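**Q** Let me begin by handing over the structure; questions about it come next.
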Amino acid sequence: ILCFTELFFRLIMNEKPSYEYLQSRVTELESLEEKHSHIKKVIVATKNINKLITHITDKQIFITKVCEILTESLGYYNAWIALVNKEQTNAYMTASSGLSKEFCEIEQMTMNGAFPEKMQRVLKEKKLIAIENPEAECLDCPLAKKYFNRSGLSHPLEFNGELFGVLSVSVPRQYYNDNDEQTLFSELSNDIAYGLHKLHNDGMLHRFTK
């Protein structure tokens, strides 16, 4: 809106916009359109994940489907989840999508309790961590090279004070520090955590009534 207002006043003042000015405005509009398209894909993925919560009864299937949805929508380049025990000493279940053999290495690491530094921070601080350049900032993570020219977001999967694990995704670098992007990712992570909470409670109820 501002750029069109500025253009309008230039025209009524008989000030012809330069080619560079017009090109910069076109670039701004294209960037805004790209962002809206990306946000829309994330919202679609969130809705599909919420549908999972109502009918999936197996935890492994749930987190695997979640990762698949996050990448199938093209909202994220890759996604992985590590669920940890109550003592946070090791992971006991993992899932991923958009990754290949590199994930086997980090899966083995986390199962053995060797969490990458950024994952440790997420578990300790219990808040979103945005990583601009994982290749340079996550040297202890086998997945770092999969983030070439991309950024990373990691968020705790926590509901009502119960910490289930960590969700990590790869995002276009221009969005990693964007407020809308981070807000949506936090909401998405909270929805997944609720799903894990529901699965846990449903499992406990089933064992109790069996």
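The values are calculated or read from the model by the stated rules, or taken from the named source; none is laboratory data. This structure is a prediction, so every number in the text was calculated from the model and none was measured. Every residue, glycine as well, gets a Cβ built from its backbone with ideal geometry; the counts of neighbours run over all protein chains shown. When the accessible area is computed, the model is the full protein with side chains, heavy atoms only, and any ligands, DNA or RNA have been set aside. Shrake-Rupley method; radii C 1.70, N 1.55, O 1.52, S 1.80 Å.
**Q** What are the residues in the stretch 105-118 that are in a loop (DSSP other than H, G, I, E, B) and not aliphatic (A, V, I, L, M), if any?
**A** Passing the criteria: Asn112, Gly113, Phe115, Pro116.
**Q** Filter the stretch 45-87 down to residues that are in a loop (DSSP other than H, G, I, E, B) and of a type in the set (Phe, Trp, Tyr) and give me whichever is surrounded by the most Cβ atoms within 10 Å (Cβ to Cβ).
**A** For the stretch 45-87, the residue satisfying everything is Tyr76.
**Q** Related question: Any residue that is outside any strand (DSSP E or B), at positive phi and not small (Gly, Ala, Ser) - is there at least one of those in the stretch 168-181?
**A** Checked the stretch 168-181: no residue is outside any strand (DSSP E or B), at positive phi and not small (Gly, Ala, Ser).
**Q** (1) open to solvent by less than 60 Å² (accessible area, probe 1.4 Å); (2) touching a Phe, Trp or Tyr at 6+ places or on another chain (Cβ under 9 Å); (3) farther than 24 Å from Ile61 by Cα: which one isn't true of Leu199, the others all being true?
**A** For Leu199, the failing item is (3).
**Q** Kindly provide the set of residues from the stretch 119-146 that are part of a helix (DSSP H, G or I), in contact (Cβ under 8 Å) with a residue 40 or more places away in the chain and in contact with a strand residue (DSSP E or B) (Cβ under 9 Å, 6 or more places away or on another chain), ordered by number.
**A** Across the stretch 119-146, the qualifying residues are Met119, Val122, Leu123, Lys146.
**Q** If Phe185 meets every condition in (1) in a helix (DSSP H, G or I); (2) open to solvent by 20 Å² or more (accessible area, probe 1.4 Å) apart from one, which number is that one?
**A** With respect to (1) in a helix (DSSP H, G or I); (2) open to solvent by 20 Å² or more (accessible area, probe 1.4 Å), Phe185 is out only on (2).
**Q** Check off (1) charged (D, E, K, R); (2) open to solvent by 70 Å² or more (accessible area, probe 1.4 Å); (3) modelled with pLDDT under 90 for Lys35 and give me the number that stays unchecked.
**A** (2)
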